[in-house]
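> Please read through the structure below; I'll follow up with questions.
The values are calculated or read from the model by the stated rules, or taken from the named source; none is laboratory data. Small disclaimer: the values here were computed from a predicted structure and weren't measured. Virtual Cβ from ideal backbone geometry, glycine too; neighbours counted across all protein chains shown. Heads up: the accessible areas ignore ligands, DNA and RNA and are worked out on the full protein's heavy atoms, side chains in. Shrake-Rupley method; radii C 1.70, N 1.55, O 1.52, S 1.80 Å.
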Amino acid sequence: MKVQLDASVTERIPAFSLGVLQYSGASVSDSPKMLQGRINYFVESLRLEHELSRLADIEGVREWRSAFKKAGIDPSRYRPSSEALLRRLLQGNPFFWINSAVDVNNFFSVLHALPFGIYDIDHLTGDVTCRLGQETDVYEGLNGREVHMEGKLLLADEKGAFGSPIVDSKRTCVTEHSRNLLQVIFFHEQVAAEKKAEILGSVGRMFAEINGGELTHTAIVAS
């Protein structure tokens, strides 16, 4: 499966890039107690280090707000998913447990303050393109709402839009029946090349350690 960037994105955010990881034969279940303990410890540390009123001081939050503005998206109306997760946690809400794949994905999203997406490859058709949304790009989001993606940054396959650094679709969501997974990291322009490689390495190792299966492909997709 090929993942590519469309000119509609790179013209507005020239140094934008994606981190791409593919896994086969994963075994998705409830998160093990070890992972839950690690994440809960991290959340407590996060609350000690950051105040909700200073959320925009976190580099990833600040830079992703800037990227959204460059793309023509209002970051106050449509928040990057990583900022929304951080905001919930700093408001005192508990980490929202889904399953071992989504939980690892969300942990790394708040750890690095970057939007992460995890998708069931068996529910994707053809290659994947990251582009700006068109009028016809509408899907049922994981939040249960019909999401209109015109003008927003998104991922699309041959069937249409399915993912975004804002909210993903139900069509490609990862469940305990998912075996073959596509993970996408949305890197803002200020993430250095060595940092991208470091994040890809740590994410791939921990994801396979928790979910089993094999990491079959990693790549940085840039213009």
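> Give K152/K196; K2/K196; K2/K33; K33/K159 a once-over and call out the pairs whose C-alpha atoms are over 29 Å from each other.
K2/K33; K33/K159
> So for segment 74-192, taking the charge dipole from beta-carbon charges (+1 Lys/Arg, -1 Asp/Glu), which of L132, A101, F162 sits furthest toward the positive end?
A101
> Here is a further query. With every protein chain kept in place and ligands, DNA and RNA left out, what is the accessible area per residue of segment 12-78? Probe 1.4 Å, answer in Å².
Solvent-accessible surface per residue comes out at 55 Å².
> Next question, about the same structure. Just to confirm, what accessible area per residue do you get for segment 84-124 at 1.4 Å probe, in whole Å²?
I get 34 Å² per residue for segment 84-124.
> What percent does the relative contact order of segment 155-223 come to when contacts are Cα pairs within less than 8 Å and at least six residues apart?
Computed over segment 155-223, the figure is 14 percent.
> Kindly report the accessible area of segment 158-205 per residue (heavy atoms of protein chains, probe 1.4 Å, no ligands, DNA or RNA), in Å².
Here the residues of segment 158-205 average 42 Å² of exposed surface.
> Viscosity 0.692 mPa s, temperature 37 °C: Stokes-Einstein D of segment 28-144 from its Kirkwood Cα radius, in µm² per second?
206 µm²/s
> Among bridges DSSP assigns within the chain, what percent are antiparallel (round to 5)?
Close to 90 percent.
> Given the options N211, N99, N40, which has the most mean-square fluctuation in a GNM of the chain, springs set between C-alpha atoms less than 10 angstrom apart?
Highest fluctuation of the listed residues: N40.
> Show log10 I(q)/I(0) for the chain at q = 0.08, 0.10, 0.11, 0.12 Å⁻¹, two decimals, from a solvent-free Debye sum over equal Cα scatterers.
-0.25, -0.41, -0.50, -0.60
> Can you give me the relative contact order of the chain as a percent, contacts being Cα pairs under 8 Å and 6 or more apart?
38 percent
> Okay, next question. Compute the FRET efficiency between E11 and K33 as 1/(1 + (r/R0)^6), taking r as their Cβ-Cβ distance and R0 = 41 Å, and round to the nearest 0.05.
The pair E11/K33 has a calculated efficiency of 0.30.
> Measure of size requested: the Rg and Dmax of segment 1-41, with Cα atoms as the atom set and Å as the unit; please supply both.
Answer for segment 1-41, Rg first and Dmax second: 17.3, 45 Å.
> Taking the chain as a Gaussian network, Cα atoms linked when under 10 Å apart, which of R62, R47, R77 shows the biggest mean-square fluctuation?
Greatest mean-square fluctuation among the candidates belongs to R77.
> Leaving out ligands, DNA and RNA, and with a 1.4 Å probe, what % of the accessible surface on the chain is carbon or sulfur?
47 percent
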